[in-house]
Amino acid sequence: MITMLSEEAPRTGETVERAVSLRGLTKSFGSNHAVRGLDLEIERGSTVALLGPNGAGKSTTISMLLGLLEPDRGEVRILGKSPRRAVAEGLIGAMQQDAGLMQGVRVGELLDMVRHLYQRPLPMVELIESAGLESLLGRRADRLSGGQAQRLRFAMALAGDPSIIVLDEPTSAMDVDARHAFWRRMERLAEAGRTILFATHYLEEADAAADRVVVVAQGRVIADGSPAQIKSRLGQRRIRLTSPEAAERLEGLAAVSRVERTGRQVTLFTADADATVRDLIGLGLAWRDIEIGGVDLEDAFISLTGEVR
Amino acid sequence: MTRLLLLEIKRSLLDPRYLVLAVVMPVGFYLLFSELFGAHGQRVEGLPQPLELMVSMAAYGGIWAVFSGTAPRIAQERGTGWLRQLRLTPLPGGSVMVAKVVASMVAALPAMILVCVTAVVAHGVSLDARTWAELLGALWLGTLPLALLGFAIGFLVGSEVAYGAVMVLYFGFGAVGGLWMPLSALPAAMQDIGKVLPSHGLGDVGWKIAAGQVPDTSSLVVLAVWGVACAIVALVAYRVQSARR
């Protein structure tokens, strides 16, 4: 699409504009209904995680939010403006999952070129420092490791000094150390008053980095709250044990939401493993071979969304 | 946009595929063909052989420069998501595409000039300053339709096909378009095809200018029709691709 800059002027008469406002957002690709009437309001200065399994509609939502895709229905406002306009004014910067880099040019050249596309770019030294690119400036952009390329994408997202930063699965190509360093950088940006929205399918990441978690499944928002609230709903534990006890007795244990049984092998899904185990001991039930672990997000979504799938 | 253009030009000129096929090969063909056919033979329009071959090979190198700078690169950047990344900057999508086409055409200039220098040095080809300027200017502008063709291909096919596609077109356009050998040496059916190819249009404009004549309207029309048709296809393909996920 060729950008047109002659869109509507900012609306007056409203109080402080929200950073992001999505209303009734809907997008289908043929028979695949990727996003189905998604509503989301994001306040300025907050760090919000968009959490959901693969195929939940996170990337499609982000593409519409950035003006890369036109919604079939619904409205996107970024600080009260259309996405294309917000991008053109450098209000919003984004880092996309595995987005390619220009081939055959050096990191420093590429970053400098991107900076010059903006009216008020951040100084080069500041970008280099905040993305940790000091030792990579002379390297070819197409010969970076996954984590290094992601740092360059991060610097490019920051180049226009945006007040909103959108990240789609930002840490998927990073190892543990790189992830840690990445979120420390994000923290600094958030402290500077920027609004951060990131998509992830890791509950731990949402929990650690965000102050609000929005859970998306099947193209809709199915839960929205503080990390603690979402964690208690999604962050289930799985207790495996061997027991001859009847399923009804096990279902009655504290915090247990679901019981699966294969012969004498029992799996308990619980929101509070400690309470369940205390109960298990307190009631004097017969069991052995206990094993406690986390559940993956897919399972957690099934228990949260019930029949949605 | 200026910096993007400069970066695009720089990487075009340093691309080994460009250097081999747009610079080394036309110069090599020039030296080879001018030996094979004899430096004093005549093939077209009463032009001396070395001059006619110079125009042919300059056009040939220019065609590869604009092909290699557009189709494979656009297809690849579409695939990796770099074009999408650029859409997240204030740079209008249209100027990204203009930069690609212009950069590929800038890369055509050294390829063309080098063939001319070879002709001057090896066979003493000489033209007056005005004819040189007109010839190079016309050949250069004449690569625009081919750059647009490469642009359209870049949006129509994936990166694994794009390079092969322009490679086939490059050799096909050279052989059937009368750049390797005169059109009159080809079978009649192929001559009919050759006459409507943009490579023949480009070569013919160059030959006429080199001979001090006015280019044929038919050749200009061929170039214009290719240019407009490819621009339309490219624009439609670009819009369709941009609307995809």
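So, in the stretch A:223-257, exactly how many residues are assigned to a loop (DSSP other than H, G, I, E, B) and closer than 21 Å to residue A:291 by Cα?
Selection size over the stretch A:223-257: 10.
Can you tell me which residue in the stretch B:206-245 is farthest from the other protein chains (Cβ to nearest Cβ), limited to those that are hydroxyl-bearing (Ser, Thr, Tyr) and buried (at least 16 other Cβ atoms within 10 Å of the Cβ)?
B:219
So, of the residues in the stretch A:186-203 that are without any contact (Cβ under 8 Å) to a residue 60 or more places away in the chain and either among the small types (Gly, Ala, Ser) or touching a strand residue (DSSP E or B) at 6+ places or on another chain (Cβ under 9 Å) (or both), which turns out to be surrounded by the fewest Cβ atoms within 10 Å (Cβ to Cβ)?
A:192
Only residues in the stretch B:59-73 that are closer than 16 Å to residue B:11 by Cα count as the first member; pair them with residues that are aromatic (Phe, Trp, Tyr), Cβ under 6 angstrom, at least 6 apart or cross-chain, and list the lot.
If the second residue must be aromatic (Phe, Trp, Tyr), the pairs left are B:64/B:170; B:67/B:170; B:68/B:18; B:70/B:151; B:72/B:163.
For residue B:68, state whether it is hydroxyl-bearing (Ser, Thr, Tyr) and under 30 Å from residue B:119 (Cα atoms).
When the stated conditions are applied, residue B:68 passes them.
Just need a number here: residues in the stretch A:97-134 that are more than 19 Å from residue B:96 (Cα to Cα), out of contact with any Lys or Arg (no Cβ under 7 Å at 6 or more places or on another chain) and assigned to a loop (DSSP other than H, G, I, E, B).
Total meeting the criteria: 5.
Select, from B:47, B:83, B:36, the only residue that is out of contact with any Lys or Arg (no Cβ under 8 Å at 6 or more places or on another chain), within 14 Å of chain A (Cβ to nearest Cβ) and of a type in the set (A, V, I, L, M, F, W, C).
After ruling out the rest, the residue left standing is B:83.
Tally the residues that are over 17 Å from the mean Cα position of the chain (by Cα) and more than 14 Å from chain A (Cβ to nearest Cβ), restricting the search to the stretch B:53-80.
Residues flagged as over 17 Å from the mean Cα position of the chain (by Cα) and more than 14 Å from chain A (Cβ to nearest Cβ) within the stretch B:53-80 amount to 0.
What are the pairs, 6+ residues apart or on separate chains, where a residue within the stretch A:41-57 that is closer than 15 Å to residue A:172 by Cα has its Cβ under 9 Å from a residue that is among the basic types (Lys, Arg) and surrounded by 15 or more Cβ atoms within 10 Å (Cβ to Cβ)?
If the second residue must be among the basic types (Lys, Arg) and surrounded by 15 or more Cβ atoms within 10 Å (Cβ to Cβ), the pairs left are A:49/A:212; A:50/A:58; A:51/A:58; A:52/A:58.
Please state which one of A:74, A:30 is more than 14 Å from chain B (Cβ to nearest Cβ), without any contact (Cβ under 8 Å) to a residue 60 or more places away in the chain, more than 30 Å from residue B:18 (Cβ to Cβ) and not β-branched (Val, Ile, Thr).
Criteria check complete, one pass: A:74.
Can you tell me which residue in the stretch A:111-144 is farthest from residue A:43 (Cα to Cα), limited to those that are without any contact (Cβ under 8 Å) to a residue 24 or more places away in the chain and away from chain B (no Cβ under 12 Å)?
Per the criteria, the residue is A:143.
Take the stretch B:178-221 and flag every residue that is β-branched (Val, Ile, Thr), more than 21 Å from residue B:150 (Cα to Cα) and in a helix (DSSP H, G or I).
Within the stretch B:178-221, B:209, B:217 qualify.
I need the full set of residues from the stretch A:247-268 which are within 16 Å of residue A:233 (Cα to Cα) and modelled with pLDDT of 85 or more, in order please.
Of everything in the stretch A:247-268, those that are within 16 Å of residue A:233 (Cα to Cα) and modelled with pLDDT of 85 or more turn out to be A:254, A:255, A:256, A:268.
Which residue is nearest to residue B:85 (Cα to Cα), if the candidates are limited to the stretch B:1-27 and must be more than 9 Å from every other protein chain (Cβ to nearest Cβ) and without any contact (Cβ under 8 Å) to a residue 12 or more places away in the chain?
B:16
Can you name the condition, by its number, that residue B:138 falls short on among (1) in a helix (DSSP H, G or I); (2) within 27 Å of residue A:115 (Cβ to Cβ); (3) not hydroxyl-bearing (Ser, Thr, Tyr)?
It is condition (2) that residue B:138 fails.
Looking at residue B:30 and the list (1) within 14 Å of chain A (Cβ to nearest Cβ); (2) farther than 24 Å from residue B:149 by Cα, which single condition is not satisfied?
The single condition residue B:30 does not satisfy is (1).
Quick one: which of B:229, B:224, B:234, B:175 is part of a helix (DSSP H, G or I) and in contact with a Phe, Trp or Tyr (Cβ under 8 Å, 6 or more places away or on another chain)?
Exactly one residue qualifies, and that residue is B:234.
I'd like the full set of residues that are closer than 17 Å to residue A:163 by Cα and more than 12 Å from chain B (Cβ to nearest Cβ), limited to the stretch A:33-71.
The answer is A:41, A:42, A:43, A:44, A:45, A:46, A:47, A:48, A:49.
For a quick check of your reading of the model, give me the residue pairs whose first member lies in the stretch A:82-99 and is over 16 Å from residue A:154 (Cβ atoms) and more than 9 Å from chain B (Cβ to nearest Cβ), whose second is assigned to a helix (DSSP H, G or I) and of a type outside the set (Gly, Ala, Ser), with beta-carbon atoms closer than 8 Å and at least 6 apart or on different chains.
Matching pairs, first to second residue: A:83/A:64; A:83/A:65.
Among (1) in contact with a Leu (Cβ under 8 Å, 6 or more places away or on another chain); (2) more than 23 Å from residue B:102 (Cα to Cα), where does residue B:143 come up short?
(2)
Residue-wise test of (1) among the basic types (Lys, Arg); (2) over 22 Å from residue B:11 (Cα atoms); (3) out of contact with any strand residue (DSSP E or B) (no Cβ under 9 Å at 6 or more places or on another chain).
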position	(1), (2), (3)
A:120	yes, yes, yes
A:125	no, yes, yes
A:128	no, yes, yes
A:131	no, yes, yes
A:142	no, no, yes
A:145	no, no, yes
A:149	no, no, yes
A:157	no, yes, no
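Would you check if residue A:168 is more than 12 Å from every other protein chain (Cβ to nearest Cβ) and of a type outside the set (Lys, Arg)?
The answer is no for residue A:168.
With respect to the numbered conditions (1) of a type in the set (A, V, I, L, M); (2) crowded, with 17+ Cβ neighbours inside 10 Å; (3) more than 16 Å from the chain's Cα centre (by Cα), which one is the sole condition not fulfilled by residue B:14?
It is condition (2) that residue B:14 fails.
Determine if the stretch B:192-205 includes at least one residue that is farther than 24 Å from residue B:110 by Cβ, within 14 Å of another protein chain (Cβ to nearest Cβ) and of a type in the set (Lys, Arg).
no
The values are calculated or read from the model by the stated rules, or taken from the named source; none is laboratory data. Bear in mind the structure is a predicted one, so any value in this text is a computation, not a measurement. Backbone-built Cβ (ideal geometry, glycine too); neighbour counts: all protein chains shown.
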